[in-house]
């Protein structure tokens, strides 16, 4: 009569299993998904997906998406990727402003300065981009100083005049800095001297000082360089055109240059 009744435990199949009094009747936690117990991740099962998200691997154990300007850097998707670095350098080459280039590329100025200090290739690329931007800014400054800038005068809501005003102050600044000395009596470092030399790939898009004063412009049909006609050539073309008009109108007698009447 002192026998104890063992409690039954319901298993997966729904049946009742009897357990002995020695403790075998304790409920064991089920390993099924329906009982809320998480399944431990398997590297063998999830390795392919994790590797695909992180990027392809090569035999050396380094990911293929590396930044050539920052060797040894562990590239992150929100960090200095190769595409973001190209955007930064391209913008820096156009604006010459590190702050603007960093804002457009989506990085901070502090990160730019730190990366320039850590990676010499990136620092050299930034220096070349700034030099390209300076060449463009000097060309714009020279154009505004010598050729002038067009200014529209509006009165009472209407355009009444257009003025082309050269900047004497900017011209004086360029002369003071030595930009208009043609490289004479200037003490430049190797990097500064290289910044004044245009690459062969883009040299056709710029005019040298000799070409500018020699009458070469970008007035060609395809936007290329052409030689402007001299004053003698222009006068000869005008005289030839007037002779054609006189012949068409039957004016064989010479005309007065002042009044336009036939000369007796």
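Couple of notes before you dig in:
- The label point for residue 163 and the one for residue 139, both projected 7 Å from the Cα toward the Cβ, are 2.9 nm apart.
- Annotation: the residues 130, 164, sorted from fewest to most other C-beta atoms within 10 Å of their own C-beta, follow the order 164, 130.
- Shape annotation for segment 82-138: C-alpha extents along the principal axes are 30, 22, 19 Å, from largest to smallest.
- Straightening the chain between residue 239 and residue 86 buys 49.4 nm, computed as 0.36 nm per residue apart minus the Cα-Cα spacing.
- In terms of surrounding Cβ atoms within a 10 Å radius of their Cβ, 256, 97 rank from fewest to most as 256, 97.
- Projecting label points 7 angstrom from Cα along Cα→Cβ for residue 149 and residue 200 puts them 3.8 nm apart.
- Look at the alpha carbon pairs under 8 Å that are at least 6 residues apart: their mean separation over the length of segment 82-138 gives a relative contact order of 41 percent.
Read-outs throughout are calculated quantities, based only on the coordinates presented, and are distinct from any laboratory measurement. Computed from a prediction, not measured in an experiment: that's the story for all the values here. Virtual Cβ from ideal backbone geometry, glycine too; neighbours counted across all protein chains shown.
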